[in-house]
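Following: one structure in structure tokens, then a few remarks.
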Amino acid sequence: MEIKNYLNERYNIVSGSLSDIIAVKADIKPLVRLSCKKGDMSAVVKTMNEDGLVVQSKKDPFSSQFFLYVSKSSNIINQAKKFDNTFTHDGMSNDAMKRTIINFGKFLGYPECCTKFLTENMPLIAKEIKWKFHPRGDIDFSFNNTLNSITNHYLSFHQSCSYTCPNSRKYLHDIYKAIGKEDSGFQKDLKKHLKAPYLLVFNLGLKLSMAWDRRQGFLFDGEVTKNQIKYNDFSFFNTTYPEYDNSKIDDNIEKLKESIKNGNKIIIENDSILILRDSELIIEIKNSDTFKTSIFNFV
């Protein structure tokens, strides 16, 4: 298996969510913030202007790329930029920071219950939010944004306050329907990536956002039964946020990758993960706060 971007002929040089662009065009959300290389900006802006979208840019402080603020209204962009916490956090109190994130989330179209959840739980370390990193049972495919920052196979950069949040579900399904009208090929490719079993690996000793941003994992061609995955093929992925470039990767990841390559079955126990070839055990790796494995079954 290979994980690679879906190439929409108009927006294939934008680093960010193709789904969110479509959502702005369909009036589901007021604004999206994307990333783009400086040399590509003129072509991207030209394409978006042709589609009735307004674009403003600002240098990303963590990379060589530029943020693109995209909306149907320059007034909305000007208001939203005041609340972009990438640039406004210095010297802010915690309460002011929370208000800023909630306000920016409104411009991005995110349900307020979800941005409030994020702000209230930012100080917590990941192991204190068990549902987020170790879900039980099947999850509606629309909540699957596992591949954000890796490919464009997700409906929104948005993080929901739960895997059953009705406000998030409506927001995400509205985007999925709009994609079908705009680009049916993308919707078909999305469905293949979103309705699938994943094995994710987290460092639960990190704070909420960082633990999610530093996730690594596997996408399987296979089936989930309770705490097991039986698979025929897989792809490994990890995020590449520049601010985490010097972060240490757990040594168990390489063992896990090699064992999954040689196996066809995974069992998650309370304190370990087992990789098997049919009924033969290949390896058992103990879970810990810095190496926590979880099955996510999106249906």
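The values are calculated or read from the model by the stated rules, or taken from the named source; none is laboratory data. Here the structure is a predicted model, which means the values were calculated and not measured. Quick reminder, even Gly has a Cβ in these numbers, built from the backbone with ideal geometry, and neighbours come from all protein chains shown.
Restricting to segment 252-275, count the residues that are among the hydrophobic types (A, V, I, L, M, F, W, C), within 12 Å of residue 220 (Cβ to Cβ) and touching a Lys or Arg at 6+ places or on another chain (Cβ under 9 Å).
Number satisfying all stated conditions: 1.
Are there any pairs with C-beta distances below 7 angstrom linking a residue in segment 278-299 that is without any contact (Cβ under 8 Å) to a residue 24 or more places away in the chain to a residue that is of a type in the set (D, E, K, R), with the two at least 6 apart or on different chains, and if so which?
Every condition considered, the pairs that remain are 286/271; 287/271.
From the list 92, 97, which residue is touching a His at 6+ places or on another chain (Cβ under 8 Å) and of a type in the set (A, V, I, L, M, F, W, C)?
Going through 92, 97 in turn, the sole match is 97.
Within segment 2-58, count every residue that is on the phi < 0 side of the Ramachandran plot and either among the charged types (D, E, K, R) or outside any helix (DSSP H, G or I) (or both).
Narrowing segment 2-58 to residues on the phi < 0 side of the Ramachandran plot: 2-15, 17-26, 28-51, 53-58.
Retained after the next criterion (residues that are either among the charged types (D, E, K, R) or outside any helix (DSSP H, G or I) (or both)): 2-15, 17, 20, 25-26, 28-38, 40, 46, 50-51, 53-58.
The qualifying residues number 39.
I need the full set of residues from segment 126-147 which are assigned to a helix (DSSP H, G or I) and of a type in the set (Gly, Ala, Ser), in order please.
126, 142
If the requirement is being crowded, with 16+ Cβ neighbours inside 10 Å, assigned to a loop (DSSP other than H, G, I, E, B) and touching a Ser or Thr at 6+ places or on another chain (Cβ under 8 Å), which of these qualifies: 67, 83?
After ruling out the rest, the residue left standing is 83.
Identify the single condition in (1) β-branched (Val, Ile, Thr); (2) under 30 Å from residue 117 (Cβ atoms); (3) in a strand (DSSP E or B) that residue 285 does not satisfy, given that it satisfies every other one.
(2)
Would you confirm, using the coordinates I've provided, whether residue 201 is in contact with a strand residue (DSSP E or B) (Cβ under 6 Å, 6 or more places away or on another chain) and surrounded by fewer than 14 Cβ atoms within 10 Å (Cβ to Cβ)?
no
Yes or no: segment 114-125 includes at least one residue that is surrounded by fewer than 21 Cβ atoms within 10 Å (Cβ to Cβ), assigned by TED's automatic domain parsing to the domain that holds residue 78, under 19 Å from the mean Cα position of the chain (by Cα) and in a loop (DSSP other than H, G, I, E, B).
Yes, because at least one residue in segment 114-125 is surrounded by fewer than 21 Cβ atoms within 10 Å (Cβ to Cβ), assigned by TED's automatic domain parsing to the domain that holds residue 78, under 19 Å from the mean Cα position of the chain (by Cα) and in a loop (DSSP other than H, G, I, E, B).
Show me the strands (runs of 3 or more DSSP E) entirely contained within segment 155-250 in which 2 or more residues are small (Gly, Ala, Ser).
216-225
Quick one: in segment 162-212, of everything that is assigned by TED's automatic domain parsing to the domain that holds residue 257 and polar (S, T, N, Q), which residue is nearest to residue 255 (Cα to Cα)?
By that ranking, first place goes to 203.
Looking at (1) crowded, with 16+ Cβ neighbours inside 10 Å; (2) in contact (Cβ under 8 Å) with a residue 12 or more places away in the chain; (3) assigned to a strand (DSSP E or B); (4) not polar (S, T, N, Q), which is the one condition that is false for residue 274?
(2)
Consider residue 154 against the criteria (1) surrounded by 19 or more Cβ atoms within 10 Å (Cβ to Cβ); (2) of a type outside the set (Asp, Glu); (3) over 24 Å from residue 199 (Cα atoms): it satisfies all of them except one. Which criterion is unmet?
Residue 154 satisfies all of (1) surrounded by 19 or more Cβ atoms within 10 Å (Cβ to Cβ); (2) of a type outside the set (Asp, Glu); (3) over 24 Å from residue 199 (Cα atoms) except (3).
Name the residue, out of 115, 100, that is within 29 Å of residue 217 (Cα to Cα) and without any contact (Cβ under 8 Å) to a residue 24 or more places away in the chain.
Exactly one of 115, 100 is within 29 Å of residue 217 (Cα to Cα) and without any contact (Cβ under 8 Å) to a residue 24 or more places away in the chain, namely 115.
Can you tell me which of (1) more than 24 Å from residue 123 (Cα to Cα); (2) part of a helix (DSSP H, G or I); (3) out of contact with any helix residue (DSSP H, G or I) (no Cβ under 7 Å at 6 or more places or on another chain) is the one residue 150 doesn't meet?
Residue 150 satisfies all of (1) more than 24 Å from residue 123 (Cα to Cα); (2) part of a helix (DSSP H, G or I); (3) out of contact with any helix residue (DSSP H, G or I) (no Cβ under 7 Å at 6 or more places or on another chain) except (2).
In the same structural domain as residue 172 (by TED's automatic domain parsing) and at pLDDT below 90: does that describe residue 98? Talk me through it step by step, then tell me what you get.
Numbers: in the same structural domain as residue 172 (by TED's automatic domain parsing): yes; at pLDDT below 90: yes.
It is true that residue 98 is in the same structural domain as residue 172 (by TED's automatic domain parsing) and at pLDDT below 90.
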